[in-house]
Amino acid sequence: MKKSTLLALVVFVALAVAAAMTLRQEPQRGITHLSLGNVDAAAVDRVLIGADDGISLEKKDGEWTLGGVRAEAASVQRIVESLAGARSSDLASRNPERWPELEVDDEKGARVRLFSGGKTVADAVIGGAVRGGSYVRTGQEVYAVDGIYRASFTRDRTGWIERKVFFDQPEVVERVEVALAGAAPYALVKKDDKWQLEDPALLPAGQRFDGDAAAQLVRSIATARAEDVLAAEPDQPTGLGEGADVLRFTVTGDAEPRVLMLGSAATGGVYARSSAREHVLTMSTSTAGGLRKKVEDLRDLSFVDVDPGRVERLAIVDGNERLALAKREGTWEIAESSQPPAADFTLDPAAVMRRLAMLGRAAAVAEATQPLASGAASATVTATLDDGSTVVAAFGSPSTWQEREVVAATGNADDKTYLVEKTMRDQLLAGLDSFKRTAPPAGGGLGNIDPAALQNLPPEVRQALMKQMADEKQREAMMKKAMEAAGK
């Protein structure tokens, strides 16, 4: 055999062996294969999601913007840090034919690029879900990566922009002025941590002021969120000039008032302008309606006045159905029930307290033509207090008010008759089964919620749910350790 032929044969065999070893190589565990490079999250100044003309988030002077509109910085920073810190040793595929299956192809995947100083520092495609995260493609390789979720990257424009109307906490608000077109203006002030009318004479005679409703109005103003923030002034009239509804509030340590103007109807809502924002906003009709409160809208509509902490017995009578729960030595028990409890029934004390907290809120005051005559009650809820006195909520038969099904009701708050939503009445009169302790949802309840699914919630709601999820995971971990210890 010629020397050249022998050399060629050796080279061929060596290449064949190397190729076979490469094809047979198993993904190595415990070694970080996926790394998007030495990405400094703090230095990233642009995020591009989708095609070149897709969502482009840019950081200028330390502030993230989208098309010149302020973006929700925490959400942007979260995805930047998640990509910059992406690590995985779980190789799923190097085969492009599997990209559609793993949803990392151009059609289903979400391409995300990070830039710093005009240079691309990371380029990845976020694909389908895998336990604890998603498939992520970089180049030809696809990895299963924990803690990254495609939904975090695939919002529309309004999902990325900052939609807070103001940036103050409700607790620092000291005074609120409300001036609605065609209605008498009024002011709310906080005294001893309770909201009051600055001029109580503005409330119509015979009406009680609802401090809780006032507090809710204050919170709604301070935490209001827009539906959209417009990049340019709208072409049509906004109604944000003379004649607009105006709400002002001041906060502790700052005499400069915050101002919100509510104008005319916009597509899907109303136009609004905030002194804390540069651009015209749109707000949902329901949000704006909740802020446009006249002074008479702050009327106290509670028809029962009871302290749940003092209740020792709760009796519910609805026709022939009777139920009485009594507190003995601090523990709630069944005292009487026309419905025999099931063999697996366990009374939930929290359900009793929730029922007491629901008691007494009406939708409106009844007209003279809708009285609940003495002895005409079809159902009652009676709370017996620790001093032996009783508080009775009495409910009449269903009727219709403003196209809503209601019942007339009376209580101990005053001598008026009120209208209560029938659905509320049904909840208050629900029988024994509604007090049953229930097991937590299978699969860990909140623990299985994808955090990305919470992104469009108001921050304070999102934070509360995230805390609950963290607490639930901690409890699960402690339970697992306890079970492992018991099994040793």
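Could you count how many residues in the range 382-393 are over 11 Å from Val311 (Cβ atoms) and part of a strand (DSSP E or B)?
Qualifying residue count for the region: 2.
Results for (1) touching a Gly at 6+ places or on another chain (Cβ under 8 Å); (2) over 30 Å from Pro349 (Cβ atoms); (3) in the same structural domain as Asp193 (by TED's automatic domain parsing), shown as yes or no for each residue.
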{"position": "Gly239", "(1), (2), (3)": "yes, yes, yes"}
{"position": "Glu256", "(1), (2), (3)": "no, yes, yes"}
{"position": "Val259", "(1), (2), (3)": "no, yes, yes"}
{"position": "Gly269", "(1), (2), (3)": "no, yes, yes"}
{"position": "Ser275", "(1), (2), (3)": "no, yes, yes"}
{"position": "His279", "(1), (2), (3)": "no, yes, yes"}
{"position": "Thr285", "(1), (2), (3)": "yes, yes, yes"}
{"position": "Phe303", "(1), (2), (3)": "yes, no, no"}
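Every residue in the range 394-425 that is surrounded by fewer than 16 Cβ atoms within 10 Å (Cβ to Cβ) and either assigned to a helix (DSSP H, G or I) or in contact with a helix residue (DSSP H, G or I) (Cβ under 6 Å, 6 or more places away or on another chain) (or both), please.
Pro398, Glu405, Thr423 - these are the residues of the range 394-425 that are surrounded by fewer than 16 Cβ atoms within 10 Å (Cβ to Cβ) and either assigned to a helix (DSSP H, G or I) or in contact with a helix residue (DSSP H, G or I) (Cβ under 6 Å, 6 or more places away or on another chain) (or both).
Given the criteria assigned by TED's automatic domain parsing to the domain that holds Thr382 and touching an Asp or Glu at 6+ places or on another chain (Cβ under 7 Å), does Ala342 qualify?
no
Val145 - would you say it is buried (at least 22 other Cβ atoms within 10 Å of the Cβ), at pLDDT below 95 and part of a strand (DSSP E or B)?
In short, yes.
Which members of the range 107-133 meet the condition of being acidic (Asp, Glu) and either in contact (Cβ under 8 Å) with a residue 12 or more places away in the chain or surrounded by 17 or more Cβ atoms within 10 Å (Cβ to Cβ) (or both)?
Asp123
So how many residues does the range 229-283 have that are among the hydrophobic types (A, V, I, L, M, F, W, C) and in a strand (DSSP E or B)?
16
Please go through the range 134-151 and pick out each residue that is on the phi < 0 side of the Ramachandran plot and without any contact (Cβ under 8 Å) to a residue 40 or more places away in the chain.
If the condition is that a residue be on the phi < 0 side of the Ramachandran plot and without any contact (Cβ under 8 Å) to a residue 40 or more places away in the chain, then Ser134, Arg137 are the ones that fit.
Search the range 213-263 for residues being exposed (fewer than 13 other Cβ atoms within 10 Å of the Cβ) and small (Gly, Ala, Ser), and hand back the single one that is farthest from Phe166 (Cα to Cα).
Gly243
Here is a list of conditions, (1) touching a residue at least 12 places away in the same chain (Cβ under 8 Å); (2) in a helix (DSSP H, G or I), and Arg155 meets all of them except one; can you say which number that is?
Among (1) touching a residue at least 12 places away in the same chain (Cβ under 8 Å); (2) in a helix (DSSP H, G or I), the lone unmet condition for Arg155 is (2).
Taking Asp433, is it at pLDDT below 90 and either surrounded by fewer than 16 Cβ atoms within 10 Å (Cβ to Cβ) or assigned by TED's automatic domain parsing to the domain that holds Gln207 (or both)?
no
The values are calculated or read from the model by the stated rules, or taken from the named source; none is laboratory data. Predicted, not measured: the structure shown is a model, and the values here were computed from it. With ideal geometry, Cβ positions are generated from the backbone for all residues, glycine too; neighbour counts draw on all protein chains shown.
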